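Let me begin by presenting the structure, written as structure tokens, before commenting on it.
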């Protein structure tokens with residue numbers, strides 16, 4: 001879809017950003033309104049007390065973020081609730097830091113180790129309904145994208161998954177996906193529903209923040225709605241239910257990183273077990289660094305065409321990755337001369353290209369993802385290793401093949417990140 005086509009669409013509101021659309025604008029207005037609904041305020045109050053009981057001691061040094069962090073978790077489930085009516089499906093982005101667009105301030109909605117590179121969008125699905133989802137490329141090198149049909153429950157059980165690497169593409173580059181109760185083996189680009197409430201989670205993996213834009217999504221319920229749309233009271237009750245029922249799973253996800261022994265990397269494994277992408281491998285570590293320490297991490301690509309690594313705080317929400325290098329993806333990181341990838345997690349600039357900046361936090365949760373594996377090649381298991389060193393010993397500890405960077409290079413690196421991040425919230 002060209003900029004001109006976006007500009008002349010009544011649905012898409014920006015010629016440069018397909019996420020700025022009528023669904024997003026209208027649903028966000030409902031979500032902002034529901035934040036002050038008594039049912040949501042009550043759930044926020046109760047969940048805040050329970051969260052404080054379990055986090056006040058383990059996350060004591062980061063409790064200055066507590067209220068903001070819980071507000072983000074709560075707003076995530078408010079967004080899920082306002083777009084939970086499968087009779088009236090719309091497309092909604094969530095899992096973003098706080099930002100301003102469409103003339104208002106949007107709260108953050110991150111949780112569970114959000115990816116700085118993903119555009120997370122949600123479409124509600126009702127078993128028994130018939131849906132058509134159209135994804136149109138909006139840039140020369142479209143990001144890899146997955147479509148995951150999931151049970152609408154806290155642990156996000158996967159029902160079916162389609163990867164753009166495997167999908168049939170129309171002559172104009174579009175992806176056309178059908179969703180209904182018919183068997184998926186009969187159709188191409190098809191997901192089969194099962195009884196119960198569901199949603200389609202669409203993840204665009206944007207490696208190049210400046211050149212890549214998300215796919216333009218539209219959804220149509222082919223058999224039309226079977227009842228009137230849900231009102232604010234019903235949506236608020238659904239939001240409150242999700243806030244309370246999800247709390248324990250969100251806490252588990254948080255502890256799955258921060259509950260590990262310090263600075264020990266978990267072996268790479270599929271992310272499906274805890275609600276992540278079934279075709280994705282991941283690794284975590286509970287990083288604990290003194291002011292004079294650094295963690296050196298070395299990985300292999302394992303044939304994954306998209307990879308990223310990021311740091312999260314004790315509430316499992318990403319640290320600042322827009323004006324700091326709190327994350328890196330395959331397009332942003334530099335390979336060692338031997339083809340491996342070395343990162344340095346540190347409080348101060350180590351002078352290497354692949355610096356993961358803690359922002360001064362003594363404790364962070366390190367995460368690494370591998371996905372979009374090359375088809376037709378022998379699968380390779382990702383590897384990852386780490387070692388804790390004194391910051392003053394880095395030059396001696398680092399291999400000479402690790403790419404260095406000077407202050408001018410760092411400044412340019414940060415400037416590109418900030419420009420790319422800002423483009424996510426273009427609304428004109």
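Extent of the stretch 175-310 along its three principal axes (Cα atoms, max minus min coordinate, largest first): 62, 38, 32 Å. Residue 29 label point, 7 Å along Cα→Cβ, cut-off 11 Å on backbone N: hits in the stretch 74-106? Within reach of a label on residue 29, which here means backbone N under 11 Å from a point 7 Å along Cα→Cβ, the stretch 74-106 contributes nothing.
Among 344, 30, sorting on how many other beta-carbon atoms sit within 10 Å of each Cβ, with the fewest leading, yields 30, 344.
For the stretch 264-425, the square roots of the Cα gyration tensor eigenvalues, ordered a ≥ b ≥ c, give a/c below 1.5, which places it in the rounded category. Seen from every direction in turn and averaged, the convex hull around the alpha carbons of the stretch 264-344 projects onto 6.6 nm². Compute the Cα gyration tensor for the stretch 47-149, then decide on rounded, prolate or oblate, letting a ≥ b ≥ c be the square roots of its eigenvalues: rounded whenever a/c is under 1.5, prolate when a/b is larger than b/c in the other cases, and oblate in all that remain. Here the stretch 47-149 falls in the prolate category.
Assuming R0 = 45 Å, can you tell me the calculated FRET efficiency for the pair residue 50 and residue 261, based on Cβ-Cβ distance, to the nearest 0.05? Could the numbers behind the result be given before it?
Working: r = 26 Å, r/R0 = 0.58.
So the FRET efficiency works out to roughly 0.95.
In this simple spin-label model, placing a label point 7 Å from the Cα along the Cα-to-Cβ direction at both residue 61 and residue 141 gives a separation of 3.9 nm. For the chain, what is the calculated [θ] at 222 nm in deg cm²/dmol (nearest 500), taking -39500 (n - 2.57) for each run of four or more DSSP H residues and dividing by its residue count? Estimated from H runs of four or more residues: -7500 deg cm²/dmol. Normalised by 2.2 N^0.38 Å, where N is the number of residues, the alpha-carbon radius of gyration of the stretch 77-215 equals 1.06.
Going by Cα centres, the stretch 332-346 and the stretch 56-87 are how many Å apart? Each part reduced to its Cα centre gives a spacing of 33 Å.
What ratio of Cα Rg to 2.2 N^0.38 Å holds for the stretch 331-428?
On the way: Rg = 16.1 Å, N = 98, 2.2 N^0.38 = 12.6 Å.
It is 1.28.
Mean projected area of the Cα convex hull of the stretch 3-255, taken over all directions, amounts to 14.3 nm².
Semi-axes of the equivalent ellipsoid of the chain are 35, 26, 20 Å, computed as sqrt(5λ) over the eigenvalues of the C-alpha gyration tensor in descending order. Multiplying the residue separation of residue 98 and residue 395 by 0.36 nm and subtracting their alpha-carbon distance yields 103.2 nm.
Separation of the stretch 360-428 and the stretch 204-241, taken as the distance between their Cα centroids, equals 31 angstrom. Annotation: extensible slack from residue 428 through residue 155 equals 94.6 nm (criterion: 0.36 nm per residue apart, minus Cα-Cα distance). If I build a Gaussian network model for the chain, linking alpha-carbon pairs within less than 10 angstrom, which residue out of 109, 327, 14 has the largest mean-square fluctuation? In this elastic network of the chain, the residue with the biggest mean-square fluctuation among 109, 327, 14 is 14.
Once the Cα atoms are used to define both axes, helix 22-34 deviates from the longest principal axis of the chain by about 80 degrees.
Coordinate-derived values only; no laboratory data. Since this is a predicted model, take the numbers as computed values, not measurements. Positions of Cβ are generated from backbone atoms using ideal geometry, with glycine treated the same way; all protein chains shown enter the neighbour counts.
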